[in-house]
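Here's the structure, in structure tokens; my notes come after.
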Amino acid sequence: MRTLVLGRTPARVTAVLATLRADGFDAEGVSTDDEARRLLGTGEFGVLIIGGGVGPRSRAEIKEFAAGHRVRRVIDGALSEPFDVYVRREFEPLIREAAAD
């Protein structure tokens, strides 16, 4: 199941993607709402991770958009270090759960 990561800090998006990809997940990452909408509009993403730096208005708009484009699960995240441990503990189980539904 493809996962889209939306985060305002490119370095953190890159860190999340590195862990997800190393663990066998199909993931893409973006830092702007426009990029997220463009990719979500393809209908190819089943999971959306929204980083803690995404403001409330953007978060709400992206969640609404995702709901209309086949996204099964939206995960709100706020990374803590070490990032790889956080991704494996907090994100990966939820992605697996969404894929199993």
**Complete:** Relative contact order in percent for the chain (Cα pairs under 8 Å, 6+ apart) equals 32 percent
**Message:** What are the ³J(HN,Hα) couplings of the stretch 53-59, residue after residue, when phi is run through the Karplus curve with 6.51, -1.76, 1.60 and θ = phi - 60°? Round to Hz, x for glycine and proline.
**Reply:** x, 7, x, x, 5, 4, 4
**Message:** Give me, ordered by chain and number, the residues 5 or more places off Gly53 or on other chains with an amide H under 5 Å from its own placed amide H.
**Reply:** Arg8
**Request:** Name the residues whose placed amide hydrogens come within less than 5 Å of the amide hydrogen of Ile75, ignoring near sequence neighbours (fewer than 5 apart) on the same chain.
**Result:** Leu48, Ile49, Ile50
**Complete:** In whole Hz, the Karplus estimates of ³J(HN,Hα) for the stretch 19-34 (6.51, -1.76, 1.60; θ = phi - 60°; x where Gly or Pro) are 5, 4, 5, 4, 8, x, 8, 8, 9, 10, x, 9, 10, 10, 5, 4
**Complete:** Note, Asp101: beta-carbon cut-off 9 Å, +1 each Lys/Arg, -1 each Asp/Glu, net +1
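Helix-only mean residue ellipticity at 222 nm, the chain, DSSP H runs n ≥ 4 weighted -39,500 (n - 2.57), per residue, nearest 500. What is it? Don't jump to the answer; show the numbers that get you there.
Details: 5 runs with 46 residues, N = 101.
So the helix-based figure for the chain works out to -13000 deg cm²/dmol.
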**Fill in**
With all protein chains in place and a 1.4 Å probe, Phe83 shows an accessible area in Å² (nearest 10) of 50 Å²
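Go through 17-29, 60-72 and give me the packing order, highest mean Cβ count within 10 Å leading.
Working: 17-29: 16.9, 60-72: 15.1.
The most tightly packed comes first, giving 17-29, 60-72.
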**Prompt:** So how much accessible area does Thr32 have, in Å² to the nearest 10, using a 1.4 Å probe?
**Reply:** 60 Å²
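Assigning unit charges at the beta carbon (Lys, Arg +1; Asp, Glu -1) and nothing else, what dipole magnitude in debye, to the nearest 20, does the stretch 1-42 show about its Cα centre?
Computed charge dipole of the stretch 1-42: roughly 60 debye.
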**Request:** Using only the alpha carbon atoms of the chain, find the Kirkwood hydrodynamic radius as the inverse mean reciprocal pair distance, in angstroms to one decimal.
**Result:** 13.2 Å
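The values are calculated or read from the model by the stated rules, or taken from the named source; none is laboratory data. Predicted model only: the values in this text are computed from it and were never measured. Cβ atoms come from the backbone with ideal geometry, glycine included; neighbour counts cover every protein chain shown. The protein model used for the area step is the full one, side chains on, heavy atoms only, and it has no ligands, DNA or RNA in it. Shrake-Rupley method; radii C 1.70, N 1.55, O 1.52, S 1.80 Å.
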